[in-house]
Amino acid sequence: TEFEMLLMDDYTRIYADAVTAELNREFFNKDLESVQLEIENEIYVEIESSCNNKEENGLYYIKPTRNGKVIPVICNNGYTMLDASLDYASLSTYFTSMYQYGDADKTIYGTDCGDSSGWRDWYIPA
């Protein structure tokens, strides 16, 4: 579909250059003190906390909470789609627990089967 082609183009553009990806990891995984120092030295980028104001669909980086990690997400018509295959380690920090169900080609993530909590309890920023 057209959306899948757009998503693949965005994914390729962002992840094609390994050096850029490494620089992104170095920048976005810094502690608050380092980021504040860079802001004081005017070395920073602005980042959204959601997909609400994105006019183009595709792959974006967002930071849902002030002290949380930056995560890659898929934005579509203002909706934010979380895809653990893009960056499981960073995304899992926003959940109280993260369990993988299924095999490599049909994987879904969720709470422990014994957990009866809802989305607002499981997803920390909610």
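Candidates in the stretch 64-114 are the residues that are among the charged types (D, E, K, R) and either open to solvent by less than 60 Å² (accessible area, probe 1.4 Å) or in a strand (DSSP E or B) (or both); of these, the one that is farthest from E46 (Cα to Cα) is D103. Beta carbons closer than 8 Å, at least 6 apart along the sequence or on distinct chains, pair a first residue in the stretch 68-87 that is among the hydroxyl-bearing types (S, T, Y) with a second that is in a loop (DSSP other than H, G, I, E, B) and open to solvent by less than 60 Å² (accessible area, probe 1.4 Å) for Y79/C51; T80/S50; T80/C51. It is to be established whether one or more residues within the stretch 31-50 are outside any loop (DSSP other than H, G, I, E, B), modelled with pLDDT of 90 or more and open to solvent by less than 50 Å² (accessible area, probe 1.4 Å). No.
The values are calculated or read from the model by the stated rules, or taken from the named source; none is laboratory data. All values derive from a computational prediction rather than experimental measurement. Every residue, glycine among them, receives a Cβ derived from its backbone with ideal geometry; neighbour counts consider all protein chains shown. These accessible areas exclude ligands, DNA and RNA; they are computed on the full protein's heavy atoms, side chains included. Shrake-Rupley method; radii C 1.70, N 1.55, O 1.52, S 1.80 Å.
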